[in-house]
1. Every residue in the range 287-304 that is touching a Ser or Thr at 6+ places or on another chain (Cβ under 7 Å), modelled with pLDDT of 95 or more and part of a loop (DSSP other than H, G, I, E, B), please.
2. Answer yes or no: is there a residue in the range 332-343 that is among the basic types (Lys, Arg), more than 16 Å from the ligand (Cβ to nearest atom) and under 23 Å from residue 208 (Cβ atoms).
3. Residues of the range 77-127 being basic (Lys, Arg) and closer than 30 Å to residue 372 by Cβ, which ones?
4. Just to be sure, is residue 237 on the phi > 0 side of the Ramachandran plot and among the polar types (S, T, N, Q)?
5. Among the helices (runs of 4 or more DSSP H) contained in the range 332-421, which hold 2 or more residues that are open to solvent by 50 Å² or more (accessible area, probe 1.4 Å) and at pLDDT below 95?
6. Looking at (1) out of contact with any Asp or Glu (no Cβ under 7 Å at 6 or more places or on another chain); (2) away from the ligand (no atom under 16 Å from the Cβ); (3) closer than 15 Å to residue 314 by Cβ, can you tell me which one residue 79 breaks?
7. Determine which single condition residue 376 fails, assuming it passes every other condition in (1) over 28 Å from residue 402 (Cα atoms); (2) more than 16 Å from the ligand (Cβ to nearest atom); (3) among the hydrophobic types (A, V, I, L, M, F, W, C).
8. Which ones in the range 217-247 are without any contact (Cβ under 8 Å) to a residue 40 or more places away in the chain and open to solvent by 30 Å² or more (accessible area, probe 1.4 Å)?
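The values are calculated or read from the model by the stated rules, or taken from the named source; none is laboratory data. In this text, all values refer to a predicted model and were calculated from it rather than measured experimentally. Ideal geometry is used to build each Cβ from the backbone, glycine not excepted, and the neighbour counts take in all protein chains shown. SASA here: full protein model, heavy atoms, side chains in, ligands and nucleic acids out. Shrake-Rupley method; radii C 1.70, N 1.55, O 1.52, S 1.80 Å.
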Amino acid sequence: MIIKRANIRGYEDLMDIKIENGIFSEIGVGLDTTYEENVIEANGQLLLPPFVEPHIHLDTILTAGEPDWNKSGTLFEGIQRWSERKESLTHEDVKKRATKALKWQIAQGIQHVRTHVDVTDPELTALKAMLEVKEAFAPYVTLQIVAFPQEGILSYPNGEALLEEALQLGADVVGGIPHFEFTREYGVESMKKVFELAQKYDRLIDIHCDEIDDEQSRFVEVVAAEAHRTGMGEKVTASHTTAMHSYNDAYVSKLFRLLKLSNINFIANPLVNIHLQGRFDSYPKRRGITRVKEMLDDGLNVAFGHDDVFDPWYPLGTGNMLQVLQMGIHATHLMGYDDIVKSIDLITINSAKAMNIEDEYGIEEGKPANFVLLHAEDEFDAVRRQTPVRYSMRHGEVLAETKPAETSIRLSEEEDIDFRK
Ligand SMILES: [Zn+2]
């Protein structure tokens, strides 16, 4: 197969890509198509590595309104609604919802997903279901499962043993939630346990870290210090870190030195955090998103996740990473022209780096032929018009296809409108 005349980041010219045996075999200008049966004319459209969803909760997904809607829209009513819904959680229920959501994500051009799964459950119901889903979807999606102790490691009965059991069953990543533990001391101790387990089982780490408006929540320094001490660095991710928006600048300047030394990754979740944070503020209200712009400027690796889709914490969403990006760049002041163009990294290569999947990710000769071709001429156009994914291809096979909407207006005569300049 050959893709003709695609706009690929990092190349000045429109490029042709040859795919053989599911691998990018050649990238060049004007490749010979004489003997090719399968040629796709990209016509200057933007070709990217697949979108990545690095932070989602597939076990709670698609449960909004069951048994009742979150009417206040707060985190705490979300927790209350989830505890009601959790009573009817079954193996089949989790599989059915996660399967549907993964199909939505595939339709949106996502091929790599990291899902957190609640393991504060003596039966580990959701985890066992998700492991089966992971296997079923293996040909289509790279799925990493985080053993996520939603109610704490030391603050939930048997929390540590359940976390370890989840790793033995096959979870890929160790999770944690230090700011939710009963005390700061528990929070620090829980992080030590996470690092011990990750080293014992050779797993990655992804912590729900400081997802609170409390400026005193400073577990990100503990995570970074442990990552530095153990040398686990880039295998470690701090998700949310929303308290950082409230830290004083003197502390942040000290903190950033450690963050750089530690080499850890950051995942912000703009849709959910702008919705749930700042709820105890009157005015001025904080935006509730970590210091994305400053971290990027300092060379730290930052990615964006959706976090929740249509569940008790976040009622909207269809798994579209361009929507996540849209909110994220507004809320973090990444709206300069160059910022917008570069922001595509936040839902592609930066996320792949956080997931430690760079070996299999990217538009390069010799790598798996996984990519998306957008109905967009460049990155700016994709973000501005929120263009759908024309093709999502995995190992050179079509995984998803979307035809663009056709709109016309009827004034003095009929005219097609595509929102291009
Ligand atoms: Zn989360």
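1. 289, 290
2. No: the range 332-343 contains no residue that is among the basic types (Lys, Arg), more than 16 Å from the ligand (Cβ to nearest atom) and under 23 Å from residue 208 (Cβ atoms).
3. Within the range 77-127, the subset basic (Lys, Arg) is 81, 85-86, 95-97, 100, 103, 114.
Scanning the range 77-127 gives 95, 96, 97, 100, 103, 114.
4. On the way: on the phi > 0 side of the Ramachandran plot: no; among the polar types (S, T, N, Q): yes.
So residue 237 fails the test.
5. No helices (runs of 4 or more DSSP H) qualify here.
6. (2)
7. (1)
8. If we filter the range 217-247 for residues that are without any contact (Cβ under 8 Å) to a residue 40 or more places away in the chain, which is where we start, we get 217-218, 220-221, 225-233, 236, 238, 247.
Of everything in the range 217-247, those that are without any contact (Cβ under 8 Å) to a residue 40 or more places away in the chain and open to solvent by 30 Å² or more (accessible area, probe 1.4 Å) turn out to be 218, 221, 225, 228, 229, 230, 231.
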